[in-house]
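The values are calculated or read from the model by the stated rules, or taken from the named source; none is laboratory data. Quick caveat, the model's predicted, so the values are computed rather than measured. Note that we place each Cβ from the backbone using ideal geometry, even for glycine, and neighbour counts take in every protein chain shown. The accessibility values were calculated without ligands, DNA or RNA, using every heavy atom of the protein model including side chains. Shrake-Rupley method; radii C 1.70, N 1.55, O 1.52, S 1.80 Å.
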Amino acid sequence: MDDTDLRDLQAFAAVARHRSFRRAALEQRVSVSSLSQRMRELEEHLGVRLLNRTTRSVAPTEAGEQLLRRLEPALGEVAGALSDLRERQGRPAGRLRINAPAPAADLVLAPMVTPFLTRFPEVELEITVDMALIDIVARGYDAGVRYEEHLAQDMIAVPLGPPQRYVLCAAPSVLERFGVPERPEDLLGKPTVSVVYASGAHPPWEFERDGRVVRVQPGGPFHAGHVGVQIRAALDGLGFLLTFDGYVADHIASGRLVAVLEEWSQSFPGPFLYYPSRRQPPAALRAFLDFLKDWRRQAAP
């Protein structure tokens, strides 16, 4: 019987899946140098090259790809078997990896973290904030979070939180200088604070009222990819800001920001937690799904 260490196979799968020693090392909680040495020793032990390495990249060889295709289902079965064993002992455990966009992570998931981990102390929760529409299976996540229009049809999806809405707001000084807009078109030529994605895209602002949709392209002078920076700029009077109301509700309540065009700000369904259709999802994910049912029941009016 082959005496290859299961941990080395898990480490290889992480490197091949991420195509990065750095990201795999973070997942495996080892140093990059240690992981690289383990991969060299694994290749020597098996007598076959599994990874092609350059100074800038790493990718599995053809043999590595074949091994990865066979390994990942088997490693998943091992992890599932251990999770099931722990769960039968009344202790859901293991790592739960969730990928979520910033608004869902900040406003919906964040309040759940401490209550969930208090209830299931042997679960290790990892939330990655990512605005890109990634393949969660290929990237090794147990679940992801998306809004309804971006859900894949082959995934199981459950509501994660209540409806949300955008709010257009500005500091009182901005309204004094530029006036209070009465319709979305009035924002043209006005200073704005808006989002820019890593791709460089500047999405238009969208408003809806009585079935009529109006899109306005914010012109600047400021664009940022981080909502905290956007809010600070709006508080400093740099321009109008369109963002999730959960981010600015306290500032609006205190009067530091003023909501405008509220009749054009319609609510929309909140985010969904989605995960692959599996006969037996990991125990940590099942624990989170059970927790989510109770959380939403308690939050219901």
Once the dipole of the chain is set up from charges on Cβ (+1 Lys and Arg, -1 Asp and Glu), the residue from the list L42, G189, F288 lying farthest towards its positive end is L42
If you put +1 on each Lys and Arg Cβ and -1 on each Asp and Glu Cβ, how big is the dipole of the stretch 70-173 around its Cα centre, in Debye rounded to 20? 260 debye
I'd like the carbon and sulfur percentage of the solvent accessible area for the stretch 160-253, probe radius 1.4 Å, heavy atoms only, ligands and nucleic acids excluded. 52 percent
Could you tell me what percent of the DSSP beta bridges with both partners in the chain are antiparallel, to the nearest 5? 60 percent
Calculate the radius of gyration of the Cα atoms of the chain to one decimal place, then report Dmax, the largest Cα-Cα distance, as a whole number, both in Å. 23.6, 79
So who's got an amide H within less than 5 Å of the one on L257, skipping anything under 5 residues away but keeping other chains? H placed 1.01 Å off N, in plane. I252
Under the definition of Cα pairs under 8 Å and six or more residues apart, what whole-number percent is the relative contact order of the chain? 21 percent
Kirkwood Rh over Cα pairs of the stretch 154-301 into Stokes-Einstein at 4 °C, 1.567 mPa s: D in µm²/s? 75 µm²/s
Over the stretch 200-246, what is the relative contact order in percent, taking alpha-carbon pairs closer than 8 angstrom and at least six residues apart? 23 percent
How much accessible area per residue does the chain have, counting only protein heavy atoms and a probe of 1.4 Å, in square angstrom? 55 Å²
What area, in nm² and to one decimal, does the C-alpha convex hull of the stretch 175-237 cast on average over all directions? 4.9 nm²
For the stretch 247-301, I need the span (max minus min coordinate) of the C-alpha atoms along each principal axis, in Å, sorted largest to smallest. 50, 21, 20
How far is the Cα center of the stretch 1-34 from the Cα center of the stretch 130-190, in Å? 36 Å
Nothing charged except the Cβ atoms of Lys and Arg (+1) and of Asp and Glu (-1): what's the magnitude of the dipole of the chain about its Cα centre? Round to the nearest 20 debye. 380 debye
If you take the charge dipole of the stretch 200-301 about its Cα centre, with +1 on Lys and Arg Cβ and -1 on Asp and Glu Cβ, which of A201, Y274, P218 is farthest toward its positive end? Y274
Taking N as the residue count of the stretch 210-279, its alpha carbon Rg divided by 2.2 N^0.38 Å gives 1.43
So if R0 is 35 Å, what FRET efficiency would L125 and V214 give, r being the distance between their Cβ atoms, rounded to the nearest 0.05? 0.30
When the helix-only estimate is applied to the chain (DSSP H runs of n ≥ 4, each -39,500 (n - 2.57), divided by the residue count), what is the mean residue ellipticity at 222 nm, nearest 500 deg cm²/dmol? -12000 deg cm²/dmol
